[in-house]
Amino acid sequence: MLQSLVSEKKIDCDVHVTLPTTAKLLPYLSEYWREQVTSRGIDRLELTSDLSNIPAAVRPDWKGAGDLDAIRAQALDPFGTDIAICNCLYGAQAVYNHDLAAALCGAMNDWLAEEWLGKDERLRGSVIVPWQHPEAAAREIERWASDRRFVQVQLMLMGEMPLGRRAMWPIYAAAEAHGFAVAVHAGTAYRFAPWTNGWPSFHIEDQAALSVGFQTQLLSMIAEGVFEQHPKLKVVLTDSGVTWLPAFLWRIDKLWRGLRMEVPWLKRPPSEVVSQHVRMTLQPFDGPKDTELIAGLIEQIGEHMLLFSTDYPRWNFDGTDAVPLRDRPELMRKLRTENPFETYVRLREG
């Protein structure tokens, strides 16, 4: 079984690293883009959408999070983590200039490889791509295809268009060809209101709307036929919550039975497509505290669909209670070892 699941390694599928300022990327930019970034003052901007620089966004017991020593001491060692997949939520994915976005994304990946992946063999990376320009995004994926430390491609949840649109397919083709999973991470480029009836007033509304964003993007990928076109593709919903999925699938399956003539390429119920191609990180866990209810929820979703994550160092992570039902060793083995190795092809080879 996958070489004994590579000696039973334990995997954390979502650890956040922070790019402090765009100035850190200057050594990785071409002369032209260095001049553009500095003359326009972009180097002084914090384009990161990671919240590690905001004190209120980090758990009180994890102050100082953001450097490699802190991640080792607070996220890797306490959980006995052998492999951690790093996500850097960088605002270049919201830049309107496609060429600038491509330059910044490329530089950020170079920075991640040198400053993080190159300094601790436990770390793996997510390739951030300029999804505003899918062809350029595909080239960035291909640039890192030979570096086995990168295991997935990272997209934001809400941008300029639904993720299933055919214009986005070059990203999925490149990811599938090189064995990358595609992570859809909570976040927005603020192109459109998160709700169809306008902009919310408060942060709590914005946060609650994220689950709706995941539902609509997942539905777009299913209905447009992304998984029929790319049968080996795995999509990881990161920071998505999990409790919304069962009811969503029941509803979509029922509608598919009456409307499947509209999407003839979709020959299976959507729930079967999701079960095969989609995975979800566990944190932040939005389920109840009652262990019986949690067990029932996990049964409805399917144990094979869930991936252990800490979401380090975000405030809404459950700390040492990161895994509900952690007293079930077989479930823990699935979440931390079996499911990640099944999801991330490149982990088996790197």
Could you check the stretch 63-115 and list, in sequence order, the residues that are among the aliphatic types (A, V, I, L, M), surrounded by fewer than 20 Cβ atoms within 10 Å (Cβ to Cβ) and within 16 Å of PRO20 (Cα to Cα)? LEU68, ALA70, ALA113
By residue number, the members of the stretch 285-301 that are part of a helix (DSSP H, G or I) and either under 25 Å from the mean Cα position of the chain (by Cα) or modelled with pLDDT of 90 or more (or both) are ILE294, ALA295, LEU297, ILE298, GLU299, GLN300, ILE301
The stretch 220-248, subset at pLDDT below 95 and of a type in the set (A, V, I, L, M), residue surrounded by the most Cβ atoms within 10 Å (Cβ to Cβ): LEU245
Residue list for the stretch 155-196, filter: surrounded by fewer than 16 Cβ atoms within 10 Å (Cβ to Cβ) and of a type in the set (D, E, K, R): GLU160, ARG165, ARG166, ARG191
Which residues, counting only those in the stretch 275-296, are under 17 Å from GLN207 (Cα atoms) and charged (D, E, K, R)? ASP286
Say we look at the stretch 12-32 and pick out the residues that are modelled with pLDDT of 90 or more and within 19 Å of ASP99 (Cβ to Cβ); which of these is surrounded by the fewest Cβ atoms within 10 Å (Cβ to Cβ)? GLU31
Please go through the stretch 197-215 and give me each residue that is among the hydroxyl-bearing types (Ser, Thr, Tyr) and either in contact with a strand residue (DSSP E or B) (Cβ under 9 Å, 6 or more places away or on another chain) or surrounded by 11 or more Cβ atoms within 10 Å (Cβ to Cβ) (or both), ordered by number. SER211
Take the stretch 267-284 and flag every residue that is closer than 25 Å to PRO231 by Cα, polar (S, T, N, Q) and not in a helix (DSSP H, G or I). THR281
When the stretch 118-127 is examined, which residues are found to be under 16 Å from LEU89 (Cβ atoms) and modelled with pLDDT under 95? none
For the structure I just gave you, tell me whether PHE317 is modelled with pLDDT under 80, closer than 23 Å to LEU68 by Cα, aromatic (Phe, Trp, Tyr) and in contact with a Pro (Cβ under 8 Å, 6 or more places away or on another chain). yes
The stretch 232-266, subset of a type in the set (A, V, I, L, M) and in a helix (DSSP H, G or I), residue nearest to MET158 (Cα to Cα): LEU245
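The values are calculated or read from the model by the stated rules, or taken from the named source; none is laboratory data. Since this is a predicted model, take the numbers as computed values, not measurements. Neighbour counts run over all protein chains shown; Cβ positions are idealised from the backbone, glycine included.
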